[in-house]
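Working notes for the structure below.
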Amino acid sequence: MTELAILMVNYKSPAYTVDCLRSLELERATGAAFNVLLLDNASGDESGPAIRTAIDENGWETWVEFIESEEN
């Protein structure tokens, strides 16, 4: 059971969000145990697809739950 959950909100800043996930991946590699709940707050741009692609390509789906909200 994970003891720490990190909550993140994205709004029209997918590059920063993916960079943050990359830095968290490094922490997980050192043994840190946590999960991330990431919400896209109805960005209305390409945030959702960009973030989902990064999650899939990097294998982060085991520790990142991504939710795309229809409303801000």
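The values are calculated or read from the model by the stated rules, or taken from the named source; none is laboratory data. Everything numeric in this text was worked out from a predicted model, so none of it was measured. Quick reminder, even Gly has a Cβ in these numbers, built from the backbone with ideal geometry, and neighbours come from all protein chains shown. Ligands, DNA and RNA are excluded from the accessible area calculation, which covers all protein heavy atoms including side chains. Shrake-Rupley method; radii C 1.70, N 1.55, O 1.52, S 1.80 Å.
Rundown of residues vs (1) assigned to a helix (DSSP H, G or I); (2) under 11 Å from residue 66 (Cβ atoms), yes/no style:
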| position | (1), (2) |
| --- | --- |
| 15 | yes, no |
| 22 | yes, no |
| 33 | no, no |
| 39 | no, yes |
Q. What number of residues within the range 45-68 satisfy the criterion of being surrounded by fewer than 14 Cβ atoms within 10 Å (Cβ to Cβ), among the hydroxyl-bearing types (Ser, Thr, Tyr) and over 22 Å from residue 32 (Cα atoms)?
A. 1
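Taking the condition of being of a type in the set (A, V, I, L, M, F, W, C) and either open to solvent by less than 30 Å² (accessible area, probe 1.4 Å) or touching a Phe, Trp or Tyr at 6+ places or on another chain (Cβ under 7 Å) (or both), how many residues in the range 8-41 meet it?
The number of residues fulfilling the criteria is 7.
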